[in-house]
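The values are calculated or read from the model by the stated rules, or taken from the named source; none is laboratory data. Note that the structure is a prediction, hence the values are computed from the model and not measured. Neighbour counts are summed over all protein chains in view; Cβ atoms, including those assigned to glycine, are modelled from backbone coordinates with ideal geometry. Just the protein is used for accessible areas: all its heavy atoms, side chains included, with ligands, DNA and RNA removed. Shrake-Rupley method; radii C 1.70, N 1.55, O 1.52, S 1.80 Å.
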Amino acid sequence: MRKVHPEFAYQSRELGGQIDGILGDPPNRKNYDMMVGALVSEYTSGGGIEDVNMMSFALVDHITFSDPKGLLAEAGEYEGGSPENVFAMAACEGDAEAMYAAMTANHPELARQAIITAFLFKHPRLWDEDDESLEQLSRDDDGDDRHDDDDDGVTDDFAQMFDKEGD
C-alpha cells in the first residue's frame, strides 16, 4: 500500500459520494448516464466546470491507466507534479478521446488532479491515506505542555462567583 496526499484521498471519497448521489437509491442509471453525457459534452467543447470532482466524474467511466505505479507516485503530491507525465499514464478512447484531449490542453493542472482522483477511486486497494483522525492525532499527545506547577486551581474569589448559596 502506498500513502497518497490527503487531498487526493478526500477527492476520491468525494467522487464516490457524488456518483452515489447521482445514481440515487434505488440506482437510476438513466440519470447517471445523462449527467456523465452532459459533462463529457461540456469538457469536449473546451468548457466545463473547473472542478476536480466534476472533471474526474466525466473521466471515471472512460479512462484507462497504463502505469498504476507511476500514478501512485504522482498521487503523493497534490499540487505541482508533472501533468505531462500523468497524461502519458492514462488515456480515453472513442467518444471520450476528444474530451481527454480538450481537458489536458485547456486545464492541465486540474486535469492532472482529476486523472489521479479517478485512478484512486477506481483502485482503492492500491493506496492508503495517513490517518488524520482526532483519535490518531491525539494518540501521542500528553495534553497541554504548559503546566504551571504553582497554580493549585481556581481562587476562592472566582469560585464564589458561581456559588449559588453565597457566603
Exercise. How many of the residues making up region 63-86 are open to solvent by less than 40 Å² (accessible area, probe 1.4 Å) and either closer than 23 Å to Glu42 by Cα or hydroxyl-bearing (Ser, Thr, Tyr) (or both)?
Worked result: 5
For this session: State whether the residues of region 90-100 include one that is in contact (Cβ under 8 Å) with a residue 12 or more places away in the chain, under 17 Å from the mean Cα position of the chain (by Cα) and open to solvent by 20 Å² or more (accessible area, probe 1.4 Å).
Result: no
For this session: Scan region 56-75 for residues that are under 17 Å from Pro108 (Cβ atoms) and of a type in the set (Val, Ile, Thr) and report the count.
Result: 1
Exercise. Do the conditions hold for Asp152, that is, is it assigned to a helix (DSSP H, G or I), at pLDDT below 85 and among the acidic types (Asp, Glu)?
Worked result: no
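Would you please name the residue that is nearest to Ile19 (Cα to Cα), looking only at residues in region 57-87 that are β-branched (Val, Ile, Thr) and outside any helix (DSSP H, G or I)?
Filtering first and then ranking leaves Ile63.
If you check Ile49 against the conditions, is it buried (at least 16 other Cβ atoms within 10 Å of the Cβ) and more than 17 Å from Asp95 (Cα to Cα)? Please lay out each step first, then the result.
Numbers: buried (at least 16 other Cβ atoms within 10 Å of the Cβ): no; more than 17 Å from Asp95 (Cα to Cα): yes.
For Ile49, the condition - buried (at least 16 other Cβ atoms within 10 Å of the Cβ) and more than 17 Å from Asp95 (Cα to Cα) - is not met.
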